[in-house]
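Heads up: the structure comes next, in structure tokens.
The values are calculated or read from the model by the stated rules, or taken from the named source; none is laboratory data. Note that the coordinates shown come from a computational prediction; the quantities given were computed from them, not determined experimentally. When we count neighbours, we look across all protein chains shown, and the Cβ atoms used for this are built from the backbone with ideal geometry, even at glycine. Remember, those area values only see protein heavy atoms, side chains included, never the ligands or the DNA or RNA. Shrake-Rupley method; radii C 1.70, N 1.55, O 1.52, S 1.80 Å.
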Amino acid sequence: MAAALLRPRTLGFALLAVVLVIFPYLHGWPVFSAFISEFRTFNATMLAVWLLVVLSMNLLTGYSGQISLGHAAVVLVGAYTAGVLVDQLGVPLPLAILLAGVFTGIAGGVIIGLPAVRLAGPYLAIATFSLVITLPQILKMGGIRNWTNPSRGISIDAVQPPGLVDGFLDERQWLYYITMATAVFMTILAWNLVRSRIGRAFVALRDSEIAAEQMGINVPLYKALAFGISSFYAGIAGGLYFMVLAFVHPESLGFLDSILFLVAIVVGGLATILGSIFGAFFLTFQGELIDELATIIPEAEKLRGVIYGSLLIVVMILFPRGMAGFVQDLVRTLGRITAARRHGGLSSNPPAQDDTNGESDAQGR
Amino acid sequence: MLNVSDLHVAYGPVLAVRGISLTVPKGQIVALLGANGAGKSSTLRTISGLQRPTHGTIEFEGRRIDNIPAERIVQMGISQVPEGRQIFTDLTVMENLRLGAYTRRDGAGIKRDLDRTFTYFPVLGERRGQTAALLSGGEQQMLAIGRALMAKPSLLLLDEPSLGLAPMLVREIFRIVKAINEEEGLTILLVEQNANLALEIANEAYVLETGQVVLEGSAEELRGNEAVRRSYLGY
Amino acid sequence: MEAIGLAVAGYLDVVVLSTPPPPWEDPSLFAQQVLSGIASGSLFAILALAVVLIYRSTDVLNFGQGEMAMFTTFIAWSFMTQMPLWPAFFLTLLVAAAMGAALERLVLRPVEEAPVLNAVIVTLGLYTIFTGLALRVWGPLPKGFGPFTLDFLFFEIDLAGPVCAGEVCIGKLSVATFVAAVIIMALLFVLFQRTMLGLAMRATAQNRTASRLVGIPVGRMLSVGWGLSAAVGAVAGVFVAQNVGLSTGSLAAILIFAFAAAVLGGLDSPVGAIVGGLTIGVVRNLAGTYVPSEVGSVDLVVAFLLIVLVLMVRPTGIFGRRALRRV
Ligand SMILES: Nc1ncnc2c1ncn2[C@@H]1O[C@H](COP(=O)(O)OP(=O)(O)OP(=O)(O)O)[C@@H](O)[C@H]1O
Ligand SMILES: [Mg+2]
């Protein structure tokens, strides 16, 4: 038992948990203040939001193989649902976020998922593409626009920490904790999901619908389920997005964001949780990275689109398993080296099937 | 005419063919027999240039062809009727046949071969304007053979023409194949699981097991061979 | 993404009356709207033809189609500052074709065997690359682009201005766009149905192994498909830019309509692309006219609904025959 607690993985997770808890205070501590500014707390909060977005996208596209170019629209629906619930109906924000997830999940599963059951890849790509292009116009239409307020969008006052913790936490830190806690919880949930029967069914129907059907998987049901679960994640992410930025507008998220989400899952690694985490880092810091690059190469700022596009293509061609694939290979190689050193090693924990179990890359068909 | 020596083929880690050597003399029908997964199709695919060998050589009419792309090999005179027929289902029968002659530029010759194909397979002539997807399995097999003939090959590779067809139809197709061989002097390398039938029309045969030749000889010898009888002929 | 919404709202729309009379009371308004719908529909049709061409010959849906067209139109613009119209036009077609073929070879060939998702992702990469490059090379300001005067040796046609029959008018440019769409469709029809090259391209899209076995150089066919498509896209760009001016967003803004047109026509049928394009154009215009103004603009919504409707009811479109493959 004690030995299990000392395993590198357990230690790693413990360390990660500690870092996540103390992170918003780090900027005030002596050594760390030198390289962590207070603004990083906001970065970390957005990272949590993007993590859910990337997970949502990865569940759908990476694991289940359903192409979505409209994911920004789904997140936007989540954000707007939360916004309208708070703004028009006075629903408390946490409940509004949860409802946004549920509503988006059901809408995504039924409105997109059920029809999508019949659609092959390219057609689905067109349908979701047209959705993300059209959504802003839908949000501006008569009848709806009284709620969505397209001219100025919906804004709320920044969330205040509750009285209980007042004094220990400022707004920013409070926002960080609730967002990050949600994201961590839902990441663990997703981790379990992809290892469950449902997750394996997703992968099976991605690899071959015909084979999946022969294995007794109810293809339409699981396809709709993939859309539903993914949309639920996107809806929660949208709700949190609204909470963190305290603002939403019909053009808050659009087609280019959809492409960015795609870049995120591809660069991070399709169909892995680890890849989703990398993808979230990418989404959070890509802007800054390019700004940083622009100080070295002045052209970089103007060539943003060229950089994203090239990244997408280069990764797709050379590293179709993304950063996660790279890391997994590295871990596996190291594992093999250590195992070889131990001369055969112990059979209880063969490195090859350690944490890559159930994580499969998109090239698997 | 065709000389394969010490051929090795691998799909990533999977070794499909491990050191096959075989000879196909001009004008003969040579059968390649073996159970599922023995490496028969892999051998044909490699001869056609769809697959690169990992080791070994393939010589056709005295020239090494193991490094030549598939489209050039067709031009050199080797046509394949692939496993599972692989006809162009959305195109018409006529279009399929026209594509068979893709590498040729001799209009008159193409016309002549078209007529010849229709003589061997009259049903293709009747259905020439029809979408290939609407043909029956046997007709599709005939179309696949007809398409390969349209390239005017000197060596025809046939991969399991009996696959999924009723015994009556299979007999009919084998009869035509034999007729083409005799009337045109066309050399044929025939892959079959149905050893019985194959040995009826073949002059020589090779038996493959897990990527290696385990038996070879004239068709008569193999028909008389005890082991072959037991495992492949079923009597 | 604001740019897309604005650009679409900003052109091709005829003046929307506050309360338009129903068609039976003002038939000439109706006729006028149908005609202008056909005009804008011709633009969608040409871009849809480019989409269909790639899909039909390589089985890839090119989301970068609009941006590639925009990019080549900028190239045409640059050429026109150096030389007369016709040489510039044909040189552009050549450059576009070479570019398309090169792209296929360089970035699509490597993902050829991979799942369809990978190819789609690569074309999205092309989308952002071409937008970025055009911004960098030609800047964000719109460029003046036509309408041109076409010099046919013995006579000239000035594309500016309308032709009228009674009260109903249509821009000469629109007529030219329509004619161009029909000519391209006819050429493609002949290519695919009457030539060996076209037949080989169709075969390649369908079954690569079988194509190689009959001796078709598959790689070359894929490159030709992309090259042709890029050239058709360039024509689309040239006409769109004459209608709405040339800027980085002008083609992206109509890509959704081109897709709607292609889907309606069945994605693999040139005739379908034209009919689909005209239908989308007309429906979109009529909706713009007769949907009450309180509802707001609905052009995108119309395209979206048409796409969804077609995909639900008849996923192979009106003219498409091909069964869906490569899920
Ligand atoms: N594309 C491929 N990728 C990986 N392995 C393959 C591939 N094609 C064939 N194999 C493997 O190579 C071996 C030989 O296959 P091959 O198709 O040549 O056999 P065959 O004798 O034609 O069998 P059958 O009678 O079933 O057609 C088999 O073990 C098969 O699983
Ligand atoms: Mg076989």
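Results, tabulated for the structure shown:
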{"read-out": "Condition met for B:ARG85 (assigned to a loop (DSSP other than H, G, I, E, B), open to solvent by 10 Å² or more (accessible area, probe 1.4 Å), in contact (Cβ under 8 Å) with a residue 40 or more places away in the chain and within 16 Å of ligand 2 (Cβ to nearest atom))", "value": "yes"}
{"read-out": "Helices (runs of 4 or more DSSP H) wholly inside segment A:228-322 that include at least 2 residues being touching a residue at least 24 places away in the same chain (Cβ under 8 Å) and more than 14 Å from chain C (Cβ to nearest Cβ)", "value": "A:273-296"}
{"read-out": "Counted residues, segment B:11-24 - those being more than 16 Å from ligand 2 (Cβ to nearest atom) and either within 14 Å of chain C (Cβ to nearest Cβ) or without any contact (Cβ under 8 Å) to a residue 60 or more places away in the chain (or both)", "value": "3"}
{"read-out": "Residue selected from segment C:95-115 under the condition touching a Leu at 6+ places or on another chain (Cβ under 8 Å) and among the aliphatic types (A, V, I, L, M), by the criterion nearest to the other protein chains (Cβ to nearest Cβ)", "value": "C:VAL107"}
{"read-out": "Output for segment B:187-204, where each listed residue is more than 16 Å from ligand 2 (Cβ to nearest atom) and of a type outside the set (A, V, I, L, M, F, W, C)", "value": "B:THR187, B:ASN196, B:GLU200, B:ASN203, B:GLU204"}
{"read-out": "Of all residues in segment B:79-93 being hydrophobic (A, V, I, L, M, F, W, C) and within 10 Å of another protein chain (Cβ to nearest Cβ), the one that is nearest to ligand 1 (Cβ to nearest atom)", "value": "B:VAL81"}
{"read-out": "Of all residues in segment C:260-270 being touching a helix residue (DSSP H, G or I) at 6+ places or on another chain (Cβ under 6 Å) and touching a residue at least 60 places away in the same chain (Cβ under 8 Å), the one that is farthest from C:ARG284 (Cα to Cα)", "value": "C:ASP268"}
{"read-out": "Sole residue being open to solvent by 10 Å² or more (accessible area, probe 1.4 Å), within 23 Å of B:ILE180 (Cα to Cα) and either away from every other protein chain (no Cβ under 14 Å) or within 16 Å of ligand 1 (Cβ to nearest atom) (or both), chosen from B:GLY27, B:GLY56, B:GLY62", "value": "B:GLY27"}
{"read-out": "Scope segment A:86-120; condition closer than 14 Å to A:PHE227 by Cα and of a type in the set (Gly, Ala, Ser); matching residues", "value": "A:GLY101, A:GLY105, A:ALA107, A:GLY108, A:GLY109, A:GLY113, A:ALA116"}
{"read-out": "Residue satisfying condition, being in contact with a Lys or Arg (Cβ under 8 Å, 6 or more places away or on another chain), modelled with pLDDT of 75 or more and farther than 24 Å from C:VAL283 by Cα, within set C:TRP86, C:TRP77", "value": "C:TRP77"}
{"read-out": "Options B:LEU7, B:LEU2: the member that is more than 10 Å from ligand 1 (Cβ to nearest atom), modelled with pLDDT of 95 or more, away from every other protein chain (no Cβ under 14 Å) and in contact with a Pro (Cβ under 6 Å, 6 or more places away or on another chain)", "value": "B:LEU7"}
{"read-out": "Test: residue in segment B:214-230 that is on the phi > 0 side of the Ramachandran plot, within 16 Å of ligand 1 (Cβ to nearest atom) and open to solvent by less than 50 Å² (accessible area, probe 1.4 Å)", "value": "no"}
{"read-out": "Segment C:209-259, residues that are out of contact with any Pro (no Cβ under 9 Å at 6 or more places or on another chain), facing another protein chain (nearest Cβ under 10 Å) and touching a residue at least 12 places away in the same chain (Cβ under 8 Å)", "value": "C:ILE216, C:VAL218, C:GLY219, C:ALA252, C:ALA253, C:LEU255, C:ILE256, C:PHE257, C:PHE259"}
{"read-out": "Members of segment C:253-269 that are open to solvent by less than 10 Å² (accessible area, probe 1.4 Å) and either out of contact with any Gly (no Cβ under 7 Å at 6 or more places or on another chain) or in a helix (DSSP H, G or I) (or both)", "value": "C:ALA253, C:ILE254, C:LEU255, C:ILE256, C:PHE257, C:ALA258, C:PHE259, C:ALA260, C:ALA261, C:ALA262, C:VAL263, C:GLY265"}
{"read-out": "Residue among A:GLY65, A:GLY28 that alone is more than 15 Å from the chain's Cα centre (by Cα) and touching a residue at least 60 places away in the same chain (Cβ under 8 Å)", "value": "A:GLY65"}
{"read-out": "Given (1) surrounded by 14 or more Cβ atoms within 10 Å (Cβ to Cβ); (2) modelled with pLDDT under 90; (3) within 30 Å of C:SER293 (Cα to Cα), number of the condition A:PRO136 does not satisfy", "value": "(2)"}
{"read-out": "Residue check, B:LEU197 modelled with pLDDT of 90 or more and either in contact with a Leu (Cβ under 6 Å, 6 or more places away or on another chain) or of a type in the set (A, V, I, L, M, F, W, C) (or both)", "value": "no"}
{"read-out": "Which numbered condition A:GLY216 fails, given (1) among the small types (Gly, Ala, Ser); (2) farther than 18 Å from A:HIS71 by Cβ; (3) in a helix (DSSP H, G or I)", "value": "(3)"}
{"read-out": "Residue ranges of helices (runs of 4 or more DSSP H) in segment A:1-111 with at least 3 members surrounded by 14 or more Cβ atoms within 10 Å (Cβ to Cβ)", "value": "A:8-26, A:39-57, A:71-89, A:93-107"}
{"read-out": "Which numbered condition B:LEU208 misses (of (1) crowded, with 19+ Cβ neighbours inside 10 Å; (2) under 13 Å from the mean Cα position of the chain (by Cα); (3) within 15 Å of ligand 2 (Cβ to nearest atom); (4) away from chain C (no Cβ under 14 Å))", "value": "(2)"}
{"read-out": "Scan of segment B:30-49 for residues that are away from ligand 2 (no atom under 12 Å from the Cβ) and either part of a helix (DSSP H, G or I) or among the acidic types (Asp, Glu) (or both), ordered by number", "value": "B:THR46, B:ILE47, B:SER48"}
{"read-out": "Some residue of segment A:156-166 being more than 10 Å from chain C (Cβ to nearest Cβ), touching a Lys or Arg at 6+ places or on another chain (Cβ under 6 Å) and more than 21 Å from A:ALA48 (Cβ to Cβ)", "value": "no"}
{"read-out": "Test set (1) open to solvent by less than 60 Å² (accessible area, probe 1.4 Å); (2) more than 16 Å from ligand 2 (Cβ to nearest atom) - B:ARG72 fails condition number", "value": "(1)"}
{"read-out": "Of the criteria (1) at the interface with chain C (Cβ under 7 Å from one of its Cβ atoms); (2) farther than 26 Å from B:LEU165 by Cβ, which one B:ASP106 fails", "value": "(1)"}
{"read-out": "Any hit, segment B:172-189, residues being assigned by TED's automatic domain parsing to the domain that holds B:PRO25 and within 16 Å of ligand 1 (Cβ to nearest atom)", "value": "yes"}
{"read-out": "Scope segment B:142-169; condition within 16 Å of ligand 2 (Cβ to nearest atom) and more than 14 Å from chain C (Cβ to nearest Cβ); matching residues", "value": "B:GLU160, B:PRO161, B:SER162, B:LEU163, B:GLY164, B:LEU165"}
{"read-out": "All positions within segment C:30-71 that are polar (S, T, N, Q) and under 29 Å from C:THR195 (Cβ atoms)", "value": "C:SER42, C:SER57, C:THR58, C:ASN62, C:GLN65"}
